[in-house]
Structure formats: structure tokens, C-alpha cells
Amino acid sequence: MAKLRLGKGWVKPRNISFILAFLMFMYIYIEPSARELGEDKEIVVVLDCSKSMEDVDSRYNTFDFIESIYAIVPRNYRIGMIAFDNEVCASIPVGSNYEMIEAALQGLEYAHYGNAGSGLTEALQLFKDSGDQKRIILISDGEIMMDSEEGTEETHSLFEQAVELAKEQGIIIDVIALGARIEEGYTVYRAAETTGGKVYDLADGSALEHFTEEYLFDEWGLSERHVGKVNDTEVELTVKLPDCLMDKAKIVLLGKQQNDNMTVNGEAGRINVSKGRSYTVIELVNPISDDVEIRMSSEQEMDVSAYLTAEYDFSISVGHTYREETQTAEIWLDIVNPDGKSLLEGSLREGGVTVYLDNNEQDYRLTDGKIYIQKQYIHDSAAKLEVSFDGLYADYYGDTSIEEEIVVPVVIEEPPETDWFFWSVIIFFIAALVLLFFISWRKQRKAGNRKHIVNDSRVLEKQNTEHKNNFFGKVQIFVIHNKDDIDCPPESINLFARCNREMITLEWILDTCNLPLNLKGAERIIIKPGDDKSLIIKNSSKATALMGRELLIKNHSYYLYYHEKVTFIFDEEDTEIEMHYKDLKPNER
């Protein structure tokens, strides 16, 4: 009988078999009051209990393997079981505990035939209707067979339907196949391939002694830390816990063992031991001592690997201080267990925590058991913080995200004293500028706007009577677009040299430039020399004339000065022409 040290005293655990029936009753009628945080994983073990299983598992190692899974997995793994021979002979609901599966397996034996179709169909019904990860572990010698050919075909058909349904529901089926592969008849192997699972071929049930370690830690990736190896008949193993802040620690011994003479020396709120032929799980609830000493003795040499797993309950607290001079918030974050003790002062003080701020990973400073992050804020904001753990040996249960409202204080500055001398200078300067602008405006008003509409009846008459204006400068003609999409190079006319006349037309300019566009109305666009070496443009055609963005009114005259342009658009001929007025260089005169 194993001796456990609970607190400071030594006690012997009592035989609990007499309360198993009561536990089964309580599970069925009492729903758990709270659900653990984190993503649950639902597992259903489907066990082939047909008579042919005795040929590959005469020592019932599969029962030991199933119990080890229940004892080792963390709390977010919810496990159930279906056992079948001619029919379903045992059904344990998902979420059952170690004592319930231990009691159920005690009443089972390998007998009769293998109704795998009913077993797998019943297993699918155990899963809850939720988004949790779901998996089936089918343990069998591989054969599907009933006492008649019709019965065999019927259960095989039911098995295939259940496999397809599992595939539709995203349930993975792993097949642990004991013994040599069966090549003829109906088999269970295809269930793994169809659903994305694996087939694990084991020689017989004895291979399960070391398969637990491979399956749970390597395949499933359960968090663990290897803490020792045992190869002797007399063993003293000391396991040092990273801290005593966890809700639960488990020391898992896997491999060949016969450890009826075992003692556990350690202090905890409660110590539970689960044992089988190839496993021992020592569960310490709220451990108190850092070191746990395990002594074992056996008549035969043991071959055992020791692993440590742990479970932490946690919550996050957060706060910040704001520095106005740098507009920077220093956000602090603490991760505490239900007793209010900081996990950052335990094993996490050496690292193992990743912090995200607004979905971006952050560098942080760990000081006095708190994480500190700095970020600049110029407006009130909600800082979204999230943590993740490396999970090297432990699982963490709690809400990983939290928000902190960053309030940027409003700075009220006192108005400075008025510098009347400075403002007097500014006002005087502004008044002088206004006066200068006013004088300039009056002069411009007297001179008139050079781009106003020309009064033909007055200005042109004055030109005719007093003096005659001559053409100066040159014009450049650009054909922007024409109906035939013909590329026309820019053309230029030296008006000073070639125009000894009182007026010209756009038609004359186009002909002189050898641009045979034949634009209707071009002869009604008149160009005359004006004052100050300008040109006077008068459009009496149906074409549209633009000077910049200004539309020229038909039958009105406008001045065109050096470095300005006028655009003519002939809608009927689908042609657009630009005329640029340029000054002549000295060598062009």
C-alpha cells in the first residue's frame, strides 16, 4: 500500500471502490457548475472487446492504456468510452473521471464477436454539439466479424456509414491496431485514412507499455518536462517543482514497473495516486513543498521515464501611468493565481510569456513581479493586451486578454501676458500692407484689367484714327485632336515678318501652316493687332473659344498677350486647336 504525506502527516489512502457507483450516479445527475476556460478537446475511446482480442492482448494491457490516458491528460481533455463485442457492452459519457473508467473496465472481458459498426455509431453520439476538437481512438485487432455473414455485412455497412459521418463532422479517428494486419475480410483500418487520422501498428498489447509516452507527448503534444529515468529495482527519485503556484502538478511515471512498495514524500493540499502496470500518476493539488521525493522498490528491474506536467489557474490585472512630458503611457501587467500570488515571481520570471499590445508582439521589462510596456498616446485609447505561454511543461487556464483605458489628461495652459509693443508693431505693419494694397488696387483699377472685353466701337475706332497697330511676336499652332486622328506637328508663324495687314483669320493661319483641316467657320475667327503688342481675338463662328478656363463670348473681342494661349474647339469637325502667342527672340526679328 502506497504511503502519501499529506501536509505534515503520513496516511494510507483508503480503498475507494465502494464509492464508484455513487460517483457514476452523481455524474449523470449533476451537471458541472462551471466550464474551464480554454479550448476543450473531446476524446472517445472505442474498445474492441471481441474474443479475438485475447490473441493479441491476453494481459488486458488495453485497459491499462485507457486508464493511463484518463490519469495523465489535463483538465481541458474530456474523455468518454464505448466498448463493444456482439453489441455495445459499456458506454461512459464524455467528461467522465478516472474512478468511473476504472470501475467500468473492471466489469469487462474479451468475449463474443466484434460489432464495430454499432460501437463506432454509438461513439459518435457521445460527442457534445460544440465547436471543440474531437477525436476517436479505436483500439482493435482490426477485424469486423459477427456470427453470420449477413450480420458481418450489416455491421460493416454501419461502420462505413459512421466513418463517413465522422468525416463530415470533422472527427479524426486514430486506429491502434494490435497484431498483424488482417488482409482479408472486413477491417477497421480505413477509418483512419478517411478521417485524417493515423494507424498505429503494434505487435500486441504489451507494446502499449511504451506507446502511451509516444502517443500523448509526441503525437498529441501534451506539455511535459522529462525529469528522470529509472532502471533499477530500488529507486529514489527527487522531482523539483518550478514553483508552488500551480493549481495542480502531476508526476507521470511511464514504462515497465511493479511499484506496490512506493512512498511519496511531499507537502500539498491533497495528493492522489493513480497506478497501473505501465503507469503511475502522482497528482499534487496546490503543492506546498518545492521537492517531491519518490521511493520505489520491485523484485524485477523497472524501466520507467518520469515526466512533470502542471496546470495553472490565472487572471490578469493591468494598470498604467501617463507621463505628460513625453506623452507616453507605461502599462503594467500582472498574472496572478487564485490566491493572488504573481506567477511572474515563479517559473515565469525566467521567461515563457509573450505579450501582445493591439495584436502586435511587444518587448517588455520584467521588474518586481510585473511586466512593463511603454507606448505613446496622444488621445484617449483602449489598449488591448493579450498574453500567451510557451507551454513547455504546463497548461494555463484563464482569460488571456484584457483592455486598459488610456486617459490622456487635458493640459490647460494659462494665457500668456499680452506684449502690447509686439502687437503694436504687428498692427502697424498690417496697416501699412493694407494701405499699399489699396494704392496698388486703385492704380490697377485706373489702368483697367488687361483681359477685359474690348469695346470695338470705341477702342478700335480710336486705333483707326490715332495710330495703326502692327503685328508683333509669333503664334504656334498645336492640333490637339482632329477627326481623322492624323498626327500634325506643331507649326509656327512669325507675325512680325509675315503679316503686313490690318487683320488675319484662323483660316489664313492654318493655310499658311499647311494644315489642310478645312474647318468650317475658321474664316470667321478674326485676329487683329492690339495695344502693347497684344492680339485682339474675335470669334464670330460656331466654334467654342477658351482662354484658359474662361469661355470667350461670341462676337466679343478679347486681348491675347505674350505667353498666353487660346483654344478653339470645332464640334462639327471634331477638331481641337491651341494657338500660343509668343515673343520673338532677337535673332528671329
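In table form, for the structure just shown:
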{"item": "Gyration tensor verdict on the stretch 220-323 (Cα atoms; rounded if a/c is under 1.5, prolate if a/b is larger than b/c, oblate otherwise)", "result": "prolate"}
{"item": "Rounded tilt (10° steps) of 61-72 against the dominant C-alpha axis of the chain", "result": "50 degrees"}
{"item": "Residue-averaged [θ]222 nm for the chain, counting only DSSP H segments that reach four residues, each worth -39500 (n - 2.57)", "result": "-6000 deg cm²/dmol"}
{"item": "For the stretch 224-231, 3J(HN,Hα) per residue [Karplus equation, 6.51 cos²θ - 1.76 cosθ + 1.60, θ = phi - 60°, Hz, x = Gly/Pro]", "result": "7, 9, 6, 10, x, 9, 10, 9"}
{"item": "Derived scalar couplings ³J(HN,Hα) [the stretch 74-82; Karplus, 6.51 cos²θ - 1.76 cosθ + 1.60; whole Hz; x for Gly, Pro]", "result": "x, 5, 7, 9, 10, 10, x, 8, 10"}
{"item": "Long-range HN-HN contacts of Ser50 with modeled amide H, under 5 Å", "result": "Ala111"}
{"item": "Förster radius 41 Å - calculated FRET efficiency between Asp260 and Lys341 (Cβ-Cβ, nearest 0.05)", "result": "0.65"}
{"item": "Karplus-derived HN-Hα couplings along the stretch 194-203 (A = 6.51, B = -1.76, C = 1.60, θ = phi - 60°), whole Hz, x at Gly and Pro", "result": "5, 9, x, x, 10, 9, 9, 8, 10, 4"}
{"item": "From the coordinates shown, Rg/Rh (Cα atoms, Kirkwood Rh) corresponds to which of (1) 1.19; (2) 1.43; (3) 1.16", "result": "(2)"}
{"item": "Extended-chain gain in nm, criterion 0.36 nm per residue less alpha-carbon gap, Arg270 and Glu234", "result": "10.4 nm"}
{"item": "Added length on full extension, which subtracts the Cα-Cα distance from 0.36 nm per residue, Asp201 to Asn587", "result": "128.8 nm"}
{"item": "Ala382-Phe428 pseudo-label distance in nm [points 7 Å out on the Cα-to-Cβ vector]", "result": "5.8 nm"}
{"item": "Helix 420-447 vs. the chain, principal-axis angle (Cα, 0 to 90°, nearest 10)", "result": "50 degrees"}
{"item": "Environment charge of Ser381, counting only residues whose C-beta is closer than 11 Å and scoring Lys/Arg +1, Asp/Glu -1", "result": "-3"}
{"item": "Helix 20-29 vs. the chain, principal-axis angle (Cα, 0 to 90°, nearest 10)", "result": "30 degrees"}
{"item": "Segment Leu436-Glu405, length gained on full extension (0.36 nm per residue, minus Cα span)", "result": "5.6 nm"}
{"item": "Share of carbon and sulfur in the accessible heavy-atom surface of the stretch 469-589 [1.4 Å probe, %]", "result": "46 percent"}
{"item": "In range of the label at Arg190: residues from the stretch 138-157 whose backbone nitrogen is under 17 Å from the point 7 Å along Cα→Cβ", "result": "142-146, 152-157"}
{"item": "For the chain, accessible area per residue (1.4 Å probe, heavy atoms of protein chains only), Å²", "result": "54 Å²"}
{"item": "Label-to-label distance, nm, for residues given as Tyr322 and Cys488 (7 Å Cα→Cβ offset)", "result": "6.9 nm"}
{"item": "Residue (of Gly266, His379, Ala306) at the positive-pole extreme of the chain, dipole from beta-carbon charges", "result": "His379"}
{"item": "Formal net charge of residues neighbouring Tyr581 (Cβ-Cβ distance under 10 Å; K, R +1; D, E -1)", "result": "+2"}
{"item": "Amide H contacts under 5 Å for Asn261, placed H, 5+ residues apart", "result": "Ser297"}
{"item": "Total charge dipole magnitude, the stretch 491-589, about the Cα centre, Cβ charges on Lys, Arg, Asp, Glu only, Debye to nearest 20", "result": "360 debye"}
{"item": "Only Lys, Arg (+1) and Asp, Glu (-1) charged, at Cβ; the stretch 109-210 dipole about Cα centre in debye", "result": "580 debye"}
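The values are calculated or read from the model by the stated rules, or taken from the named source; none is laboratory data. Everything quoted here is computed from the prediction, not taken from an experiment. For neighbour counting, all protein chains shown are included, and Cβ atoms are generated from backbone atoms with ideal geometry for every residue, glycine included. Side chains are part of the model used for accessible areas, which takes the heavy atoms of the whole protein and leaves out ligands, DNA and RNA. Shrake-Rupley method; radii C 1.70, N 1.55, O 1.52, S 1.80 Å.
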